[in-house]
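The values are calculated or read from the model by the stated rules, or taken from the named source; none is laboratory data. Predicted, not measured: the structure shown is a model, and the values here were computed from it. Here the Cβ positions follow ideal geometry from the backbone for every residue, glycine too, while neighbour counts run over all protein chains shown. Ligands, DNA and RNA are stripped out before the accessible areas are found, and what is left, the full protein with its side chains, is counted by its heavy atoms. Shrake-Rupley method; radii C 1.70, N 1.55, O 1.52, S 1.80 Å.
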Amino acid sequence: MAKMKIEHYACAIVIVGKHLLLVRQLGKDDFPLSGFHFPGGRAKNEDCLKEALSDSLWKKYKAKVKILAPISPIARVNDGTKVVLHGFLCEPLTVFRFPKDHFQFVYSDFPTLKDLYLDPLDRTLSEKISLFYPIYGYKKRLVALTDKEKAEASLYLDSLFYFRSALPGREISDFSLLIRADSTIEQIRSAYRWLLRLYGLDLNEYLDVLEYRKKHLAR
């Protein structure tokens, strides 16, 4: 069996307030050549992601950024090639100088993201950022969860530990941070459902395990 080809792309997650920077190239007739995507570029391999990102941002936009933290990569297989998008939370050190012609950029707020056409991997990554915003915005909890809400959030987190072989450890860490950050139980539920959909997981499987353990421990 032929080895699957893998392409790695590194992109900058630039958050201004609750707005995400997205870009796309336009044709000579100013019609889009693609969906919106995060600024960045292709990397030769996983070992040079940060270098490739910094070089791409400087070459394309004369921009320098401080790379703060990686975000769990998003991947999909397209025509036999696995494409992996590696997002990095970035703080701009200079302004982005975007091309004046045949180019479009937006600082989209989270509610507007659903109305924009984004490339598939960038769409998934933007969903992650909007759902987990409290941890990327470094907001500590202002309003405590009730005991009932804490129990619900703990159940979700325990289930992710149970599913740990099926999803990256960083996703579990991020969810753990989310329930400790300034998030509501509704935000926690939405983020949890998103993780289940993304990785094809089913909470009922974990609940069945709990029920099985409960019955046998009671004997």
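So here's what we get for this one:
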| item | result |
| --- | --- |
| In Å², nearest 10: area of residue 108 left accessible to a 1.4 Å probe | 10 |
| Accessible-area order (highest first, 1.4 angstrom probe) of the listed residues 123, 164 | 164, 123 |
| 1.4 Å probe accessible area per residue over region 89-219, in Å² | 61 |
| In degrees, nearest ten, helix 169-180 long axis to first principal axis of the chain (Cα) | 70 |
| Chymotrypsin sites (Phe, Trp or Tyr not before Pro) lying in DSSP loop within region 126-191, provided at most 11 other Cβ fall within 10 Å | 138 |
| Rounded to 10°, Cα long-axis angle of helix 185-199 versus longest principal axis of the chain | 80 |
| Dimensionless Rg/Rh of the chain - Kirkwood Rh, Rg from C-alpha atoms | 1.03 |
| Protein accessible area in region 150-202, 1.4 Å probe - carbon and sulfur % | 50 |
| Listed residues 180, 193 arranged by accessible area, highest first, probe 1.4 Å | 180, 193 |
| Helical contribution to [θ] at 222 nm, DSSP H n ≥ 4, -39,500 (n - 2.57), averaged over the chain, rounded to 500 | -12500 deg cm²/dmol |
| Total lysine pairs under 22 Å (Cα atoms) in region 1-111, excluding pairs fewer than 8 apart on one chain | 26 |
| Percent accessible area from carbon and sulfur atoms, region 77-117, protein chains only, probe 1.4 Å | 53 |
| Helix 49-61 axis, angle to the chain major axis (alpha carbon atoms, nearest 10°) | 40 |
